[in-house]
1. Within segment 184-193, which residues are within 21 Å of Lys118 (Cα to Cα) and either touching a helix residue (DSSP H, G or I) at 6+ places or on another chain (Cβ under 6 Å) or of a type in the set (Val, Ile, Thr) (or both)?
2. Please return the ranges of helices (runs of 4 or more DSSP H) entirely within segment 155-239 where 2 or more residues are aromatic (Phe, Trp, Tyr) and more than 24 Å from Glu111 (Cβ to Cβ).
3. Please work out if Ile42 is at pLDDT below 90 and more than 25 Å from Val125 (Cβ to Cβ).
4. Take the residues in segment 194-239 that are closer than 25 Å to Asn115 by Cβ and in contact with an Asp or Glu (Cβ under 8 Å, 6 or more places away or on another chain), then tell me which one is surrounded by the fewest Cβ atoms within 10 Å (Cβ to Cβ).
5. If the requirement is being in contact with a Ser or Thr (Cβ under 9 Å, 6 or more places away or on another chain) and among the hydrophobic types (A, V, I, L, M, F, W, C), which of these qualifies: Leu142, Leu137?
6. What about Asp158, is it farther than 24 Å from Thr187 by Cα and either touching a residue at least 60 places away in the same chain (Cβ under 8 Å) or not basic (Lys, Arg) (or both)?
7. Since Thr134 meets every condition but one in (1) modelled with pLDDT under 95; (2) under 22 Å from Lys24 (Cα atoms), which condition does it not meet?
Amino acid sequence: MKLITIFNFPNQDNYNKLCEWWLKQALHNSDVPIEVWYYDNINHLHYIPELWDKRVKVVQKTKVDISSILPENLVSEKAQHNVGFKLYNLCQETEPFIFVDADAIIMQDIEPLINASKDKPIIMVNHQRIHGHTAHLLFEFLNSGVQVVGDPSWLDFDKIVEEQVKAKEFMCPGTDQAMIWNYCIQTGYDYTHPKIGHKWNWCAGVVSIKEVYINHYWYKFKPWIIDCPRWEKFLGETE
């Protein structure tokens with residue numbers, strides 16, 4: 001089992017610090033190998049060499065052009081990254097892994113995720129009901145920011161794309177997560193796990209609870225936007 005993330009954020013101070021925070025927390029809350037994937041350049045993170053310990057491997061990955069495999073209405077810059085880079089490369093993995101977005105900060109030991117991975121091929125958490133985003137939807141769908149993959153062969157890129165082409169549109173919010181969700185629906189697969197709930201992929205924009213295991217600062221909920229005290233504490237420790 002290994003832990004994977006992607007550092008393809010803009011070369012900006014806040015994002016660079018966010019990557020540093022992610023890696024620091026991942027090293028503290030796991031004892032598995034960590035892979036940091038990127039596409040073009042990661043040299044702007046040179047100032048955190050003390051965090052690149054022997055468990056961390058930085059890997060440059062390629063991408064596929066999704067305009068040649070998906071309908072035109074599904075192609076966008078966001079989809080090109082999330083599908084053509086993220087989903088495509090995750091589907092190439094051959095050993096078990098846990099994927100955690102680089103803006104999803106690990107707050108607790110990930111051992112429960114590793115244990116749960118033995119129960120099902122892939123486990124993900126349903127998206128929370130968030131006002132202005134998902135509260136109006138009448139169905140549950142997954143958030144692909146945290147993926148526990150005990151059997152990587154389940155992530156078959158060609159089959160996921162095939163089912164998405166049949167669907168003709170994204171049937172839930174998101175791009176890669178919409179495709180994985182559609183694949184689960186079409187194949188009758190239940191991606192949930194009774195022990196892996198919202199605490200393992202918690203939207204940072206929702207009022208925090210006492211125990212959050214992975215705090216996900218997606219979209220407009222970046223820590224510097226919402227004035228997150230955890231973020232401020234981290235910045236204070238690095239000054």
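The values are calculated or read from the model by the stated rules, or taken from the named source; none is laboratory data. No experiment lies behind these values; they were computed from the predicted model shown. Neighbour counts are summed over all protein chains in view; Cβ atoms, including those assigned to glycine, are modelled from backbone coordinates with ideal geometry.
1. Applying the first criterion (within 21 Å of Lys118 (Cα to Cα)) to segment 184-193 yields 184, 187-193.
If the condition is that a residue be within 21 Å of Lys118 (Cα to Cα) and either touching a helix residue (DSSP H, G or I) at 6+ places or on another chain (Cβ under 6 Å) or of a type in the set (Val, Ile, Thr) (or both), then Thr187, Tyr191, Thr192, His193 are the ones that fit.
2. On the way: elements: 157-167, 176-187, 229-238.
Per the criteria, 176-187.
3. Working: at pLDDT below 90: yes; more than 25 Å from Val125 (Cβ to Cβ): yes.
For Ile42, the condition - at pLDDT below 90 and more than 25 Å from Val125 (Cβ to Cβ) - is met.
4. Going through the qualifying residues, I end up with Lys199.
5. Details: Leu137 fails: in contact with a Ser or Thr (Cβ under 9 Å, 6 or more places away or on another chain).
Testing whether each residue is in contact with a Ser or Thr (Cβ under 9 Å, 6 or more places away or on another chain) and among the hydrophobic types (A, V, I, L, M, F, W, C) leaves just Leu142.
6. Working: farther than 24 Å from Thr187 by Cα: no; either touching a residue at least 60 places away in the same chain (Cβ under 8 Å) or not basic (Lys, Arg) (or both): yes.
Against the criterion (farther than 24 Å from Thr187 by Cα and either touching a residue at least 60 places away in the same chain (Cβ under 8 Å) or not basic (Lys, Arg) (or both)), Asp158 does not qualify.
7. (2)
Per-residue answers, yes or no, for (1) of a type in the set (Gly, Ala, Ser); (2) more than 19 Å from Val146 (Cα to Cα); (3) under 12 Å from the mean Cα position of the chain (by Cα):
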site	(1), (2), (3)
Arg55	no, yes, no
Glu77	no, yes, no
Ala102	yes, no, yes
Ser117	yes, no, no
